[in-house]
1. Need pairs with beta-carbon distance below 9 Å; first residue modelled with pLDDT of 95 or more and within segment 45-69, second exposed (fewer than 13 other Cβ atoms within 10 Å of the Cβ) and in a helix (DSSP H, G or I); sequence gap 6+ or separate chains.
2. Among the listed residues Phe108, Phe76, Phe72, identify the single one that is surrounded by 18 or more Cβ atoms within 10 Å (Cβ to Cβ), modelled with pLDDT of 85 or more and not charged (D, E, K, R).
3. In segment 23-48, how many residues are open to solvent by less than 30 Å² (accessible area, probe 1.4 Å) and either β-branched (Val, Ile, Thr) or in a helix (DSSP H, G or I) (or both)?
4. Within segment 120-152, work out how many residues are exposed (fewer than 11 other Cβ atoms within 10 Å of the Cβ), hydroxyl-bearing (Ser, Thr, Tyr) and within 27 Å of the chain's Cα centre (by Cα).
5. Please work out if Glu115 is within 15 Å of Asn36 (Cα to Cα) and open to solvent by 90 Å² or more (accessible area, probe 1.4 Å).
Amino acid sequence: MDTQKPTLLNQGMKYGLILGFAQVVVYLLLYAIDKNLLVSFWVGGIMMLLSIALMVLPVRNYKSTNNGVIDFKDAFLICLITIAGGALITSVFNYILYNVIDPSLADFIKEKAIEKMATMMEKFGGSQEEIEKGIESIQKQDFSQSPSKLGSQYLSGVLFGSIPALIIAAILRTKNKPTNDIQ
């Protein structure tokens with residue numbers, strides 16, 4: 001049986017699809033359970049851990065099929081392709097969620113963001129004037145999901161994802177290339 005060595009592109013795309021669909025499943029579950037969960041801080045942490053895990057796996061897989069060798073550039077590219085694929089799927093899903101499934105979700109998220117910000121500012125001793133300024137600032141923001149926002153969310157996701165990708169690539173790269181010399 002002839003097994004082909006995985007390429008950077010197919011490893012990144014495969015795990016990018018997995019990442020994107022895993023994030024969609026998590027968002028759908030949270031939405032179905034309680035929409036309030038969509039504005040929880042810990043959700044971002046879970047998504048970041050999921051992203052990191054699904055960047056590490058393809059790099060390790062590629063490295064193991066490449067005689068334990070991967071350079072920084074290749075490791076970073078696999079991570080970047082993974083993040084780009086995941087971000088694309090998640091961005092498209094968000095557009096569908098906000099515009100087709102639940103068009104009132106943007107207003108709901110805005111309300112919850114205002115509530116959380118006001119509560120946090122009160123907790124930290126913010127004056128009523130500061131709280132009102134914060135509320136006014138959030139009220140001016142557009143929480144809808146237009147095609148232009150889809151593009152900006154995608155780019156933000158890729159750029160933000162490139163930070164852990166750089167770290168993962170630096171950690172998992174092969175520092176000393178193994179030699180085939182027998183001494």
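The values are calculated or read from the model by the stated rules, or taken from the named source; none is laboratory data. Keep in mind the model is a prediction, meaning the values are calculated, not measured. Positions of Cβ are generated from backbone atoms using ideal geometry, with glycine treated the same way; all protein chains shown enter the neighbour counts. Accessible surface is based on the protein model in full, side chains and every heavy atom, while ligands, DNA and RNA are left aside. Shrake-Rupley method; radii C 1.70, N 1.55, O 1.52, S 1.80 Å.
1. Val56/Ile171
2. Details: Phe108 fails: surrounded by 18 or more Cβ atoms within 10 Å (Cβ to Cβ); Phe72 fails: surrounded by 18 or more Cβ atoms within 10 Å (Cβ to Cβ).
Answer to the check: Phe76.
3. 6
4. Qualifying residue count, segment 120-152: 1.
5. Spelling it out, Glu115 is indeed within 15 Å of Asn36 (Cα to Cα) and open to solvent by 90 Å² or more (accessible area, probe 1.4 Å).
So that you can scan it fast, the table gives a plain yes or no per residue for (1) farther than 30 Å from Met13 by Cβ; (2) in contact (Cβ under 8 Å) with a residue 12 or more places away in the chain:
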site: Thr90; (1), (2): no, yes
site: Asn94; (1), (2): no, yes
site: Asp107; (1), (2): yes, yes
site: Ala113; (1), (2): yes, yes
site: Lys116; (1), (2): yes, yes
site: Thr119; (1), (2): yes, no
site: Phe124; (1), (2): yes, no
